[in-house]
Structures are given as C-alpha cells and as structure tokens.
1. For the stretch 217-234, how many residues meet the condition of being in a helix (DSSP H, G or I), open to solvent by 60 Å² or more (accessible area, probe 1.4 Å) and without any contact (Cβ under 8 Å) to a residue 40 or more places away in the chain?
2. Condition first: open to solvent by 40 Å² or more (accessible area, probe 1.4 Å) and over 17 Å from the mean Cα position of the chain (by Cα). Now tell me which residues in the stretch 146-161 satisfy that.
3. Specify which of the listed residues (241, 177, 164) is among the aromatic types (Phe, Trp, Tyr) and not in a helix (DSSP H, G or I).
4. Of everything in the stretch 261-275, what is at pLDDT 70 or above and not in a helix (DSSP H, G or I)? Give them in sequence order.
5. Yes or no: residue 106 crowded, with 18+ Cβ neighbours inside 10 Å, closer than 22 Å to residue 226 by Cα and of a type in the set (Phe, Trp, Tyr)?
6. Based on this model, can you work out whether residue 180 counts as under 26 Å from residue 249 (Cβ atoms), of a type in the set (Lys, Arg) and in contact (Cβ under 8 Å) with a residue 60 or more places away in the chain?
7. Residue 22 fails exactly one of the following numbered conditions: (1) over 15 Å from residue 189 (Cα atoms); (2) outside any loop (DSSP other than H, G, I, E, B). What is the number of that condition?
8. Going through the stretch 265-279 one residue at a time, which ones are buried (at least 16 other Cβ atoms within 10 Å of the Cβ) and either in the same structural domain as residue 233 (by the TED database) or over 30 Å from residue 103 (Cα atoms) (or both)?
Amino acid sequence: MDTPPFLDTNRPEVPNMVVSGGVMPFYLERSPVRGRLVRLGPLADAILSRHDNPDAVSRLGGEALALVAAMVSALKFKGAFSLQVKGDGPVSMLVADATDSGDLRFFARLREDADRDALPGTAKELLGDGYMAFTIDQGPDMDRHQGIVDLTGTTLADMAMNYFQTSEQHDCWIRLFCAKSPDGWKAGALVLERIAAEGGIETTEQDEDAWETACALADTVTEQEVLDPDLSNERLIHRLFGTLDVRLGTPRALAYGCRCNRARLASVLETFPDDDLDHMVENGAITMNCEFCNVGFRFTRDELGARSA
C-alpha cells in the first residue's frame, strides 16, 4: 500500500554532501577581534548549479551562502540564520539561510521582464532599491529576532556591513567571494567582528588600533587565496594575521541542507479548497516545486483526498 502524503516525510534525491572544515573561527589574542574564514568547497557548486540562473545571479547567490554560513557560526544556541533581500532590480528576491548545524540553502527570483543575457554586474544593480532582512530563529518556543535595513552599498558585503552598523550598532568587516571555475562554482568569505569590552568598559585607544590593524591586514586577502582549495584554512589565516598572535578555534562543518519534504508540502496543499485542487491537476497529478532544491513533488488528486462540503 502506498504511503499517504501526510505520512511521507521522504526527502528528494539531493546531494548528501558535508564539508568538514567549512568554517574556521579564529581570534586575536589580547585584541577585541574575532573572525571566521568560510570556504564552501564543493557545496557552492552543488547548491548553485541546481538552479538555472544566469552567472551574475549565481555569483550573488554564492556570496549570500557564504555570508549566512559565517553569521550562523557565531550563534551560541540552536537555531537558524536567514538572509532575505527584496528589491526593484532584475533580481526581485534573494533568500539564503543556514542552521546552527551548518545546513545551507538558497534561491533567487528573477523578474519576468529581466534580460537574462544582459544582467548588470554589481549587487546593487541586480537588486535595485529595497530592503535587506536578517532573521534569527531559535525555534517554535522562542520569538524570532529580525532586523531590516535599506539596501545601501555597491556589494552584498557593503549592504551587510551597513546592516550591522545601523541595526545592531556592531562593527563588522566583511568580504564575500564567489567565482565560476572549470571545476564549478566556488564561494567563501572572511568576516571580522569587533568584540565589545567586558563589563561595558569603554574602548581604549589600544583596542581601536588593534581593530584598525586587523581590518587593514584583512584587506590584503584576495579572491584567489580564499577560493584556492590547495591553500589550507590554517595557512591562510596565519598568512593574514600571523603577526597579531592569532589563535584558531574549532572548525565547523557545512552541508547541503534543503529541509523540504512531501509531508510539509502535502499539508500546504490540504489547505486549498477542493475546487482549487481540481484545477491544479495537470497530466493526472499536482506538482509542487521546492524553490530551494528545485525538485518537483508530484501528488495524485486521490492522494490529497477530498473534504466534505
């Protein structure tokens, strides 16, 4: 007997992929600076290549994935960190999120009238005017924390730094990288955060100098270095910050992490009136597509049942 959709929690066939050292935390001894180096490895291509997006959109998507991977790794609790951008540019919506266990997913939506063959190159040109929202979700028993700011800056990194400066009053230095190579898409990030002084003590001139020095050294990093699979996390971090008494933390894994399943989608369909479900049937089935993993789920009309009037 076939399993009814409301009991079928099976995931679609998606990559079972884990990058064990995808995020390398580090901090500077006796300095108000901590950071994360993010390198998605083969995950970038596994996630981005499931979508039929122009290269400019995939590049922006890779940067978004690296950004949420860096941000979620700073959480001290179980939950998820999501980025949502809506604008009036060719890319009307971009969503990327990550769980505390490192599961990543992404999708972008192009306007119907967008010229796929002649898209602009910068994040600002792709997204236009709109807003950026960061959401921290600690589960159903806790209130979600969300901050929203206007899209300010040329790059996605500029927009993210503006968010933390204006919404969180928190100094961050962020660089995001994504490029297409003969081996597929690669993406990564380098993020520095300025740690608040203990007990609310005012920042000293020495702390200010340490932060500025760390940012100046981070500015020397190149896309080639971040995306080079033969350059280890440890070597790159020590190359950049070795003169500042850098200490490495425990690396964290990243994984392919779309969380869709038939049961969840079936429950959505069950909320529609019978007449609407009848009109959704094409070629004997109703198909719902997950925007994150780009997999279609097919349901026969009989599977969804009928509600009495």
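The values are calculated or read from the model by the stated rules, or taken from the named source; none is laboratory data. Not measured: the values here are computed from a predicted model. Cβ sites come from the backbone with ideal geometry, for glycine too, and all protein chains shown count toward neighbours. For the accessible areas, the whole protein counts, side chains as well, though only heavy atoms, and no ligand, DNA or RNA atoms are used. Shrake-Rupley method; radii C 1.70, N 1.55, O 1.52, S 1.80 Å.
1. So the first thing to find is which residues in the stretch 217-234 are in a helix (DSSP H, G or I), and the list is 217-218, 223-227, 233-234.
Applying the additional criterion that residues be open to solvent by 60 Å² or more (accessible area, probe 1.4 Å) yields 223-224, 234.
Next, only the ones that are without any contact (Cβ under 8 Å) to a residue 40 or more places away in the chain stay: 224.
The number of residues fulfilling the criteria is 1.
2. Once the filter is applied, which keeps residues that are open to solvent by 40 Å² or more (accessible area, probe 1.4 Å) and over 17 Å from the mean Cα position of the chain (by Cα), the stretch 146-161 yields 150, 152, 154.
3. Numbers: 241 fails: not in a helix (DSSP H, G or I); 164 fails: not in a helix (DSSP H, G or I).
Sole residue among the options that is among the aromatic types (Phe, Trp, Tyr) and not in a helix (DSSP H, G or I): 177.
4. 270, 271, 272, 273
5. Spelling it out, residue 106 is indeed crowded, with 18+ Cβ neighbours inside 10 Å, closer than 22 Å to residue 226 by Cα and of a type in the set (Phe, Trp, Tyr).
6. Here the answer is no, as residue 180 does not meet what is asked.
7. Among (1) over 15 Å from residue 189 (Cα atoms); (2) outside any loop (DSSP other than H, G, I, E, B), the lone unmet condition for residue 22 is (1).
8. 277
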